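Trainee: First the structure, which I've put down as structure tokens, then a few questions once you've had a look.
What follows is calculated from the coordinates using simple rules that are stated; it is not laboratory data. All of these numbers come straight from a predicted model, not from anything done at the bench. Cβ sites come from the backbone with ideal geometry, for glycine too, and all protein chains shown count toward neighbours.
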């Protein structure tokens with residue numbers, strides 16, 4: 001049942017976002033997150049019978065426990081009696097949660113069904129005010145998703161990547177926390193930080209020389225990203241050479257583009273070198289050394305002759321789910337897996353980051369290999385070594401000071417506009433029922449080739 005929508009955020013339609021400074025857009029995005037969405041909350045295996053598990057999301061404490069049918073359900077962790085924490089209670093009876101203070105017992109819909117401290121003659125059960133808020137949940141691929149909105153839930157397929165609904169996919173998960181608000185964490189995408197911040201990452205060290213050179217020449221401009229279905233922001237394959245380089249297709253796409261346009265400047269020729277001279281630094285070069293190019297040449301040559309374990313066809317990704325997707329998903333399709341990073345607000349200063357590694361192993365042997373590879377190497381390499389470098393920078397980022405922008409900031413700035421113009425929170429209607437706007441009819445931004 002839908003609850004009251006409450007106060008409506010300042011909607012973009014009240015003032016044209018094109019007339020606002022990008023920093024003003026930032027200030028209108030809710031600090032605690034977009035509520036009218038499905039979010040990953042917890043791995044289902046971590047919710048045991050007999051005791052609730054608490055998770056803080058979007059500033060709210062939720063208690064997860066097992067319903068009568070064994071599925072994971074969720075309620076608010078605050079008892080409506082006198083505010084005790086249900087998270088420290090017990091699940092004495094199937095499908096219920098009991099407050100540790102006076103024994104108020106609630107079912108999975110949030111209704112009070114007994115007060116153990118008063119006995120069976122208590123008048124509290126059934127009272128309209130003796131309810132705790134319940135949150136709709138669904139479990140897919142072992143992950144419990146919770147609807148955080150106060151309106152009727154939108155179709156979960158609009159908020160959760162398609163691989164969660166495909167039986168052929170194996171999805172492995174790693175969860176960590178970033179010590180920053182969700183907004184700078186989500187905006188940590190496709191600007192000019194990639195090569196500089198990650199220059200010493202293991203991921204970058206595993207590039208061949210051609211892709212390394214493309215990744216290093218990020219340039220001072222970006223094309224304008226495309227809005228897809230009013231829910232996503234993406235670049236078509238080949239639009240960003242450095243991004244393609246990081247997934248191993250940069251040299252391939254650059255060569256195709258050069259052939260099609262008869263322009264022979266991309267990919268950069270190896271003799272162009274890794275280093276660039278900076279006039280403002282008196283001609284000093286960065287990187288300070290190009291010796292690492294030799295390593296990348298050797299690595300690339302070795303990779304060509306080394307057999308690839310369980311080689312498989314490249315995974316296709318729906319254009320809507322490439323790059324950024326509301327409420328806070330970032331996805332990249334590699335040759336053999338799909339990388340997903342979903343940022344879930346915890347409070348104003350902390351975010352929970354879910355990393356998902358999706359593969360399509362069609363045999364038991366491939367499935368075992370994918371498990372082992374993720375646990376032994378991929379999880380550490382991508383989610384802690386690589387993304388950990390992002391967290392170390394973003395945790396110290398000020399998000400309330402004046403900003404001076406570069407042309408390379410077009411993706412995170414367009415992401416701000418996407419949120420304000422299309423996020424469900426800004427389209428809530430007064431009352432109990434919500435009709436979501438037809439996102440498929442949203443106008444897509446034209447690609448800017450400048």
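Trainee: Using only Cα atoms, find the angle between the long axis of helix 364-373 and the longest principal axis of the chain, and express it within 0 to 90 degrees, rounded to the nearest 10.
Mentor: Roughly 80 degrees between the two axes.
Trainee: Step by step: find N for region 184-253, compute 2.2 N^0.38 Å, then divide the Cα radius of gyration by it. What's the final number?
Mentor: Values: Rg = 12.6 Å, N = 70, 2.2 N^0.38 = 11.1 Å.
Cα-based Rg divided by the globular estimate yields 1.14.
Trainee: Quick check: residue separation of residue 348 and residue 397 times 0.36 nm, minus the Cα distance between them. What number comes out in nm? List each step's numbers first, then the result.
Mentor: On the way: separation 49, 0.36 × 49 = 17.64 nm, distance 1.35 nm.
Between residue 348 and residue 397, full extension yields 16.3 nm more.
Trainee: Exposure proxy check: 347, 208 ranked by fewest other beta carbons within 10 Å?
Mentor: Working: 347 16, 208 20.
Ordered by Cβ neighbours within 10 Å, fewest first: 347, 208.
Trainee: Moving to a separate point now. Per-residue counts of other Cβ atoms within 10 Å, averaged by peptide: what ranking do you get for 366-379, 190-203, 171-184, 324-337, highest first?
Mentor: Highest mean packing first, the order is 324-337, 171-184, 190-203, 366-379.
Trainee: Of 56, 35, how do they rank once you tally other Cβ atoms within 10 Å and put the fewest first? Mind showing how you got there, number by number?
Mentor: Details: 56 17, 35 25.
Lowest to highest Cβ neighbour count: 56, 35.
Trainee: Working out 0.36 nm times the residue gap between residue 168 and residue 27, then minus their Cα-Cα distance, what length gain in nm do you get to one decimal? Before the final figure, lay out each step's value.
Mentor: Values: separation 141, 0.36 × 141 = 50.76 nm, distance 4.16 nm.
Working it through step by step, the gained length comes to 46.6 nm.
Trainee: Follow-up question, since we're still on this one. Going by how many other Cβ atoms sit within 10 Å of their own, how do 227, 160 line up, fewest first? Let's see the in-between values first.
Mentor: Working: 227 21, 160 24.
If I rank by nearby Cβ atoms, fewest first, I get 227, 160.
Trainee: I would also like to ask the following. Run the quick spin-label model on residue 384 and residue 308: label points 7 Å from Cα toward the beta carbon, then report their separation in nm to one decimal.
Mentor: 2.7 nm
Trainee: Just one of (i) 23.2; (ii) 21.4; (iii) 24.7 is mean projected area of the Cα convex hull in nm² as worked out from the coordinates here. Which one is it?
Mentor: Matching entry in (i) 23.2; (ii) 21.4; (iii) 24.7: (iii).
Trainee: What number do you get for region 162-416 when its Cα radius of gyration is normalised by 2.2 N^0.38 Å, N = residues?
Mentor: Working: Rg = 18.7 Å, N = 255, 2.2 N^0.38 = 18.1 Å.
So the Cα radius of gyration is 1.03 times the expected 2.2 N^0.38 Å.
Trainee: Enter the angle in degrees (range 0 to 90, nearest 10) between the Cα long axis of helix 410-422 and the first principal axis of the Cα atoms of the chain, meaning the one along which they spread out most.
Mentor: Result, in degrees: 30.
Trainee: In whole Å, what are the Cα extents of region 38-148 along the three principal axes, biggest one first?
Mentor: Principal axes ranked by extent give 43, 26, 21 Å for the Cα atoms.
Trainee: Now a separate question. As I understand it, the value is the acute angle between the Cα axis of helix 292-305 and the longest principal axis of the Cα atoms of the chain; what does it come to in degrees, rounded to 10?
Mentor: Tilt of helix 292-305: around 80 degrees.
Trainee: Further, regarding this structure: Suppose the chain between residue 376 and residue 68 were pulled fully straight at 0.36 nm per residue; how much longer would it get relative to their current alpha carbon spacing?
Mentor: Numbers: separation 308, 0.36 × 308 = 110.88 nm, distance 3.71 nm.
Residue separation times 0.36 nm, minus the Cα-Cα distance, leaves 107.2 nm.
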